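Only the coordinates and a few stated rules stand behind these numbers; no lab work does. Computed from a prediction, not measured in an experiment: that's the story for all the values here. When we count neighbours, we look across all protein chains shown, and the Cβ atoms used for this are built from the backbone with ideal geometry, even at glycine.
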Ligand SMILES: [Zn+2]
């Protein structure tokens, strides 16, 4: 044969070239309709497994509270809730990248972002050596709010943390009562305020003698975490710690 290439190999070459073009066109279409962009800055230059680019990850303001006994988050709960340890991973400020990322997590359905941030939290908790945990409890949302959103962002964080710490997520340990909005507007707001701090211990047996890490997205006054933590501590011989993604200083 003059060219030295058999017809079979030649057609195979055309086939693989065709597949390559097909895959490139497919990737371009997928990117057009399902763009994979950084949750911080929007660039599409990021690893396919990541929701945040390296530049944004490096720019997020870490607190390193997990390594500091007596940190501001722990002080928030002094005299209110007996905790083994408490931390929040990033400082929250308004109009910041942290606020933008939190918005993506809570309202834009970016579940992968929640899992990734959870894994980041898990690594820091593990490396600190201060958080000894048998199980993770996500701070529950009101059932109707979770149904509307389709997920609880604290559960996503827990699932990411669980991958690193290799402990279970105890989703049914504590719940919030159903909030039905059938009353007048004023009555509803007052009732909502009353309901805000209401939690029900639904699986006391599962919590007994466990070291529990209660997880939420943001700590501000700590009132909701305090209410939920108080209920968790009703279980026999529970040791409680708290971890949040963000800390909004008062
Ligand atoms: Zn970015």
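Normalising the average separation of contacting C-alpha pairs (under 8 angstrom, six or more residues apart) by the number of residues puts the relative contact order of the chain at 20 percent.
What number, rounded to the nearest 500 deg cm²/dmol, is the helix-based mean residue ellipticity at 222 nm of the chain, given -39500 (n - 2.57) per DSSP H run of at least four residues and division by all its residues? If you can, show how the numbers build up before the last one.
Details: 10 runs with 114 residues, N = 250.
Using -39500 (n - 2.57) per qualifying helix, the result is -14000 deg cm²/dmol.
Across the stretch 32-123, the convex hull enclosing all Cα atoms gives 121 Å³ per residue. For the stretch 190-250, averaging the sequence separation of C-alpha pairs within contact (under 8 Å, six or more residues apart) and dividing by the residue count gives a relative contact order of 43 percent. The long axis of helix 185-196 is offset from the longest Cα principal axis of the chain by roughly 90 degrees. Peptide packing for 222-230, 106-114 was compared via the average number of neighbouring C-beta atoms within 10 Å per residue; ordered from the highest value, the list is 222-230, 106-114. Sorted on the mean count of surrounding Cβ atoms within 10 Å across their residues, most packed first, peptides 169-176, 82-89, 153-160 read 153-160, 82-89, 169-176.
Could you state the angle between the C-alpha long axis of helix 7-33 and the longest principal axis of the C-alpha atoms of the chain, as a value from 0 to 90 degrees rounded to the nearest 10? Helix 7-33 and the main axis of the chain meet at about 30 degrees. Against the chain, whose longest principal axis is taken from its Cα atoms, helix 153-165 shows a tilt of about 70°.
Rounded to two decimals, the Cα-based Rg/Rh of the chain, with Kirkwood Rh, is 1.14. Taking every DSSP bridge with both residues inside the chain, close to 15 percent are antiparallel.
Of the peptides 97-105, 200-208, 13-21, how do they stack up when ordered by the mean number of other Cβ atoms within 10 Å, highest first?
Details: 97-105: 19.0, 200-208: 14.1, 13-21: 10.1.
Ranking, from highest mean packing down: 97-105, 200-208, 13-21.
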